[in-house]
Amino acid sequence: MTAVESLGKAPGVAVRLPRTIMGYVLQQSGLHQVALALLSIAVFALSAVPLELQRRIVNDAIGSGAVRTIFLLALAYAGVAILEQSLKLALNVYRAWVSETAVRAFRRTLHVQRDALAARRRSADMTGVEIAMIVDEAQPIGGFVGISISEPLLQGGILASVIGYMIYLEPWMAALCPLFFLPQLVFVPLMQWAINRRAEARIRTMREVSSGIAGAVVDELDVVTEGRRIDQVFALNMGIYKFKYSMNLAMNLMYYFSVAAALGVGGWFAVEGRIEVGTVVAIVSGLGKLNDPWGDFVNWAREFSVVGVKYRLFADVVNSMNGRG
């Protein structure tokens, strides 16, 4: 049982949350993060194996025509796929358990603070709707705990494994990787920064909206003010969507451009006899295996940024109840 969980079973005990989301992750699930990291390493250690088996199958089919060898390699490919997917299943279920445990701990933390919440509500510092919103914010924050360390380790490990294999296979072809990554290292952080600013403003505005909705007396000025706040939330949400989907579009285009370059350069090298056809297939497949983990890594970074903002606002409320905010 974690420290936060044990506090959740002791009403009246003041709870002090760490200032940052990663501080909370380590406090809440430090040992579980080690186990998740080991599972992630096991998954990404297998990531380049299917590419090598695929290359050998293509080369044997075109070259020697050894049917028995092709069948054995195909069975090995299927076996590796089963093992890799089984490990991913275990990893995802374990992550879900860690995340739900964190959500439960958050809710217990608020349960511990119920007297303080009731006092703030009576003093009009916080409305019932605001309290409900803070409780709802526990779900995405706690959900991030399960993927906080294992996700970047898994996706970063897959990227390193596949790129390393491509360099080993054909260094000149692996030079296509910078075409895929370098532009994204420029526009992804800039666009994510813009998303983060809008996400924080949205959270603060939504809390103001909830306060207005729960007000006992509503006059004409309140109606106008709340209408402006609701329009502001709409504009902030649309801004987030535009940046998010534009980022996805740019990332997908980078992937397709790199595949087109791999097919063109690889086909030329194959015609010249400098590389085997199986190598071209493996390089193109490798680029495909870079696209998903890179996208997942960017999604993790996006969620880390947004959840970090939500957690900081959440922790400010809980810690301020203890007079130590």
Against the conditions (1) over 27 Å from Val265 (Cα atoms); (2) at pLDDT 85 or above, where does Val129 fall short? Just the number, please. (2)
Would you mind telling me which numbered condition in (1) within 26 Å of Gly146 (Cβ to Cβ); (2) at pLDDT 85 or above Lys289 fails? (2)
Quick one: in region 141-162, of everything that is β-branched (Val, Ile, Thr) and open to solvent by less than 20 Å² (accessible area, probe 1.4 Å), which residue is farthest from Asp292 (Cα to Cα)? Ile141
Which listed residue is within 25 Å of the chain's Cα centre (by Cα), over 17 Å from Met191 (Cβ atoms), open to solvent by 70 Å² or more (accessible area, probe 1.4 Å) and without any contact (Cβ under 8 Å) to a residue 24 or more places away in the chain, from Tyr256, Tyr241, Tyr245: Tyr256
Return a yes/no flag: does region 103-114 have any residue that is open to solvent by 30 Å² or more (accessible area, probe 1.4 Å) and at pLDDT 80 or above. yes
Of everything in region 267-283, what is surrounded by fewer than 20 Cβ atoms within 10 Å (Cβ to Cβ) and assigned to a helix (DSSP H, G or I)? Give them in sequence order. Gly267, Trp268, Phe269, Ala270, Val271, Val277, Val281
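Residues are listed down the side, and each one gets a yes or a no for (1) in a helix (DSSP H, G or I); (2) of a type outside the set (A, V, I, L, M); (3) modelled with pLDDT of 80 or more:
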residue: Ile167; (1), (2), (3): yes, no, yes
residue: Trp172; (1), (2), (3): yes, yes, no
residue: Arg204; (1), (2), (3): yes, yes, no
residue: Arg207; (1), (2), (3): yes, yes, no
residue: Val224; (1), (2), (3): yes, no, no
residue: Gln232; (1), (2), (3): yes, yes, yes
residue: Lys242; (1), (2), (3): yes, yes, yes
I'm checking my understanding of the structure. Among residues of region 7-21 that are open to solvent by less than 60 Å² (accessible area, probe 1.4 Å) and modelled with pLDDT of 80 or more, which one is farthest from Gly142 (Cα to Cα)? Pro18
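The values are calculated or read from the model by the stated rules, or taken from the named source; none is laboratory data. All values reported here derive from a predicted model rather than from experimental measurement. For neighbour counting, all protein chains shown are included, and Cβ atoms are generated from backbone atoms with ideal geometry for every residue, glycine included. To get the accessible areas, we keep the full protein, side chains included, count just its heavy atoms, and leave off ligands, DNA and RNA. Shrake-Rupley method; radii C 1.70, N 1.55, O 1.52, S 1.80 Å.
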